[in-house]
Structures are given as C-alpha cells and as structure tokens.
Amino acid sequence: MRPKRVLFVCTGNICRSPMAEGLARHLARARGLDLSFSSAGVAAPEGHPASDLARSVLAARGVDIGGHHARRLRPGILAAADLVVVMEEEHRLAVREMPEAARRPVLLLSEWAGEPHLGPGVDDPIGGDRADYEEAATIIEIYIQRALDGLTGPADAPEGGDDGSQEGRQDMDER
C-alpha cells in the first residue's frame with residue numbers, strides 16, 4: 001500500500017522532523033505526488049517554532065518552515081497517519097508504546113528510503129552549529145528522495161515549486 005499521509009517523528013519537533021516535513025512536501029510536490037506530510041515530537045515543547053538554524057538551512061534550499069510550531073506526539077496525530085517515519089530507534093520505541101501505532105508501519109527514515117544498512121538514524125543537530133544542521137538536512141533530503149523514488153521512480157522534475165509551507169498539513173492535525 002502506498003501511504004498518503006506520512007508523519008515524521010523526532011524528539012523535540014523543532015529540528016529534524018520539521019526539516020523532514022518541509023523537504024518531503026517540497027520534493028513530493030515537485031514530482032506531482034498527492035501526499036500529505038506532518039511532524040511531531042515525542043518530547044516536543046508544544047508551540048515552539050522550528051529552530052533558527054533549521055529554518056535558515058531549509059530557506060537556503062528554497063523550503064520555508066517558518067510557520068512550523070512544535071507538537072507533542074498524541075494519539076490523534078498518530079491515528080491520522082498511514083506511515084510513521086522516525087529519526088532514531090528510540091522514537092520508534094516511543095511510538096510503539098501508543099495503541100494507535102498497532103495498525104501502521106513505523107520505520108526509520110533510512111528504512112523508508114530502502115537504505116537500512118546506512119545507519120541507525122539521523123543525528124540530532126540541536127545545540128550544534130550550522131554545519132551540523134546542513135549535514136542533517138542533507139541526509140534527510142537524500143533519504144526522502146530515495147523514498148519517493150521507491151514510490152514513483154527517480155525524479156526528473158525541475159527544482160522549485162513548493163515553498164514547503166504548512167499548506168497540506170491541516171488534514172493531519174489532531175482533531
């Protein structure tokens with residue numbers, strides 16, 4: 001089954017998962033894919049914006065996550081997803097503790113990309129410098145491109161188009 005609603009999960013929902021959400025929306029829209037993306041954190045500071053460096057690094061890639069506000073993972077958010085993609089094994093364990101996880105796949109980002117041998121997860125750049133955020137964004141972007149390739153074949157769509165904004169997220173918000 002091809003997922004229609006993908007939820008990215010990390011720890012605080014201010015770095016990795018919002019970057020994944022914005023990049024996935026940007027890349028999927030450039031390919032003309034009808035997919036919805038959302039994000040949450042297992043220990044998110046509810047309502048906080050994405051970190052300055054996450055916003056800056058993605059803005060340099062043409063993706064705007066300036067409207068992002070952190071959300072703590074809750075049953076309603078999880079229930080709205082067809083697929084949950086986590087950044088680290090600890091996130092998968094936290095998601096699996098929720099009954100709503102029983103009927104949906106919970107994959108590491110590398111697993112969704114078809115590259116589970118590449119490592120256990122995406123390192124958290126929080127507290128790091130711009131180079132740490134660039135590295136995390138690059139890894140996330142490569143994995144998402146590979147995951148989308150698995151759904152559609154390699155991209156030939158031109159760069160640009162989507163701004164990575166919050167549009168398309170509302171159907172995945174907790175009800």
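The values are calculated or read from the model by the stated rules, or taken from the named source; none is laboratory data. These numbers were taken from a predicted model, which means no experiment stands behind them. Heads up, the Cβs are rebuilt from the backbone with ideal geometry, glycines too, and the neighbour counts pull from every protein chain shown.
Of the residues that make up the range 95-106, is at least one touching a Lys or Arg at 6+ places or on another chain (Cβ under 7 Å), among the hydrophobic types (A, V, I, L, M, F, W, C) and modelled with pLDDT of 95 or more?
Yes: one or more hits.
In the range 37-55, what count of residues is obtained for those that are assigned to a helix (DSSP H, G or I) and either surrounded by 15 or more Cβ atoms within 10 Å (Cβ to Cβ) or touching a helix residue (DSSP H, G or I) at 6+ places or on another chain (Cβ under 6 Å) (or both)?
3
Out of Arg146, Arg72, Arg103, I need the residue that is charged (D, E, K, R), touching a residue at least 40 places away in the same chain (Cβ under 8 Å) and surrounded by fewer than 19 Cβ atoms within 10 Å (Cβ to Cβ). Which one?
Unique residue meeting the criteria: Arg72.
Output yes when any residue across the range 90-100 is at negative phi, in contact with a His (Cβ under 9 Å, 6 or more places away or on another chain) and either touching a residue at least 24 places away in the same chain (Cβ under 8 Å) or small (Gly, Ala, Ser) (or both), and no when none is.
No; the residues of the range 90-100 include none that is at negative phi, in contact with a His (Cβ under 9 Å, 6 or more places away or on another chain) and either touching a residue at least 24 places away in the same chain (Cβ under 8 Å) or small (Gly, Ala, Ser) (or both).
Being hydrophobic (A, V, I, L, M, F, W, C) and in contact (Cβ under 8 Å) with a residue 60 or more places away in the chain is the filter here, so list the residues in the range 36-68 that pass it.
If the condition is that a residue be hydrophobic (A, V, I, L, M, F, W, C) and in contact (Cβ under 8 Å) with a residue 60 or more places away in the chain, then Phe37, Leu53, Ala54, Val57, Leu58, Val63, Ile65 are the ones that fit.
Given the criteria more than 17 Å from Ala24 (Cβ to Cβ), out of contact with any Pro (no Cβ under 8 Å at 6 or more places or on another chain) and either free of Cβ contacts under 8 Å to residues at least 40 places away in the same chain or not in a helix (DSSP H, G or I) (or both), does Gly128 qualify?
In short, yes.
Hey, can you tell me all the residues within the range 80-118 that are small (Gly, Ala, Ser), under 17 Å from the mean Cα position of the chain (by Cα) and either farther than 16 Å from Phe8 by Cβ or assigned to a loop (DSSP other than H, G, I, E, B) (or both)?
Ala80, Ala81, Ala113, Gly114
What residue, among those in the range 122-175 that are among the hydroxyl-bearing types (Ser, Thr, Tyr) and more than 14 Å from the chain's Cα centre (by Cα), is modelled with the lowest pLDDT?
Only one residue fits best here, namely Thr152.
Could you grab me the full set of residues in the range 12-35 that are more than 11 Å from the chain's Cα centre (by Cα) and under 14 Å from Val85 (Cβ atoms)?
Once the filter is applied, which keeps residues that are more than 11 Å from the chain's Cα centre (by Cα) and under 14 Å from Val85 (Cβ atoms), the range 12-35 yields Leu27, Ala28, Leu35.
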